[in-house]
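Heads up: the structure comes next, in structure tokens.
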Amino acid sequence: MFWGASLFLKDFLSKQALFSNVAGIIDRDSAKWNRDFCGYKIYSPQMLDSINPDRVILTIINDNEAVYESLREEFLQKYPGIELCENITAAIKYYCPFCKKEAVFKNAGYPLRYSARCPYCNSLERHRFLYYIYEQILEENKNRKIKILHTAPEECVYKYLSRKTNIEYTTVDLNPDGYPYADNCLKMNILDMKFEDNTFDYILSNHVIEHISDEAGFFRECLRVLKPDGKLIITAPYYSDLSETFEDSSITTDEERLKYYGQSDHVRKYGKDIFARFSKYGKVSVLGADFLPENLREKMNLGDIESAAIISKILE
């Protein structure tokens, strides 16, 4: 059972698949009793004795510390035989393909995303989605050596790819000290990379382009160092409720960027036109949520995952 028909619970259930084997919701507010809440019935606390659930999950989290502590103490005193789960997200385990483990995922992001981060490798939803794209690439190229360039390498992806024996794996960033787990990460401006033309089979770039003012320069340089049949696999946060990408060069302070772009180091906010923008620079194909079966997306808690763009050179 859940304890507390709170706004937190309503928000959580709106983003998650319904739980199975839930007896209902307990709430001390008599005005709520017997009402429906997100498909569950609300009961009085006195009903706990007769329902006798295996587990009760407190759902008033950080709304009001005094109320939360009061509920917790009341429960522990009155119902010592029932397991108490003090965090709703700690009641669910999800699967991480990098770790090959099921675990209680951590909340992450701003605004907060529930059960988003793997506690073992720090993979987020987009990484777990990309894992299967990368697996497909490796399978397609299992009989040959390929060169992969990875910008701003995420730890989970780095450790996964660096173990592959058929990859010549290169990582770059303007501030390589920020990636202590990445051996020999090269200090390099992605707008002026010190590689020859036609060097790499694949470039991986996740949530980088929204930090770079010169969008055209980014794509021009990436496509320059790609082989003629190479591919740039790129993701970026975008907002489906925004018809056109928003950017304004007069927005320069951290405070303004946080307000208008959602993060202090972003320089634009991509909208529905994101892939149309990308198509100005190369041939674009898009892999979205339907790339994976729904049960697997739920198993990994991918939620409303973004799509990945696969960009190829347009050869003359």
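The values are calculated or read from the model by the stated rules, or taken from the named source; none is laboratory data. Because the structure is a prediction, the values reported are computed rather than measured. Please note: Cβ atoms are built from the backbone with ideal geometry, for glycine as well, and neighbour counts cover all protein chains shown. Ligands, DNA and RNA are stripped out before the accessible areas are found, and what is left, the full protein with its side chains, is counted by its heavy atoms. Shrake-Rupley method; radii C 1.70, N 1.55, O 1.52, S 1.80 Å.
Pick from 112, 84, 302: which is most flexible by mean-square fluctuation in a GNM of the chain where alpha carbon atoms under 10 Å apart are linked? Taking springs between Cα atoms under 10 Å, the residue moving most is 112. In the chain, the portion of solvent-accessible area held by carbon and sulfur atoms comes to 46 percent [1.4 Å probe, whole percent, DNA, RNA and ligands not counted]. Cys residues of the chain that find no other Cys beta carbon under 4.7 Å: 38, 85, 185, 222.
Tell me whether the stretch 262-316 comes out rounded, prolate or oblate; compute the Cα gyration tensor, take square roots of the eigenvalues as a ≥ b ≥ c, and use a/c under 1.5 as the rounded threshold.
oblate
The HN-Hα couplings worked out from phi for the stretch 26-42 by the Karplus form 6.51 cos²θ - 1.76 cosθ + 1.60 (θ = phi - 60°) are 9, 8, 7, 7, 4, 5, 9, 4, 6, 8, 8, 9, 6, x, 10, 8, 9 Hz, whole numbers, x standing for Gly and Pro. Ordering of 283-293, 145-155 by packing is 145-155, 283-293, highest average first (other Cβ atoms within 10 Å, averaged per residue). When the chain is treated as a GNM, springs tying every alpha-carbon pair under 10 Å, which of 221, 74, 247 comes out with the largest mean-square fluctuation? Comparing 221, 74, 247 in the GNM, the peak value goes to 74. For the stretch 150-237, the average shadow cast by the Cα convex hull is 5.7 nm², which is a quarter of the hull's surface. Taken per residue, the accessible surface of the chain reaches 52 Å², heavy atoms only and a 1.4 Å probe.
Taking θ as phi - 60° and the Karplus parameters 6.51, -1.76 and 1.60, the scalar couplings of the stretch 175-184 work out to 10, x, 5, x, 10, x, 7, 9, 4, 6 Hz in sequence order, x denoting glycine and proline.
Kindly list the residues of the stretch 108-125 that lie in the label zone of residue 155, defined by a backbone N under 17 Å from the point 7 Å along the Cα-to-C-beta vector. Counting only backbone N, you get 108-109, 116-125. Considering only beta bridges that DSSP places wholly inside the chain, some 40 percent are antiparallel.
Counting each DSSP H run of 4 or more residues in the chain as -39500 (n - 2.57), what helix-only mean residue ellipticity at 222 nm follows after dividing by all residues, to the nearest 500 deg cm²/dmol?
-7000 deg cm²/dmol
Amide H contacts under 5 Å for residue 115: 107, 108, restricted to partners 5 or more places along the chain or on a different chain, H placed in the peptide plane at 1.01 Å from N.
Per the Cauchy relation, a quarter of the hull surface: what is the mean projected area of the convex hull of the alpha carbons in the stretch 95-140, in nm²?
3.2
Over all pairs of different C-alpha atoms in the chain, the reciprocal of the mean inverse distance, the Kirkwood hydrodynamic radius, equals 22.3 Å. Rounded to 0.05, the FRET efficiency of the residue 44 and residue 11 pair, given R0 = 30 Å and the Cβ-Cβ distance, is 0.80.
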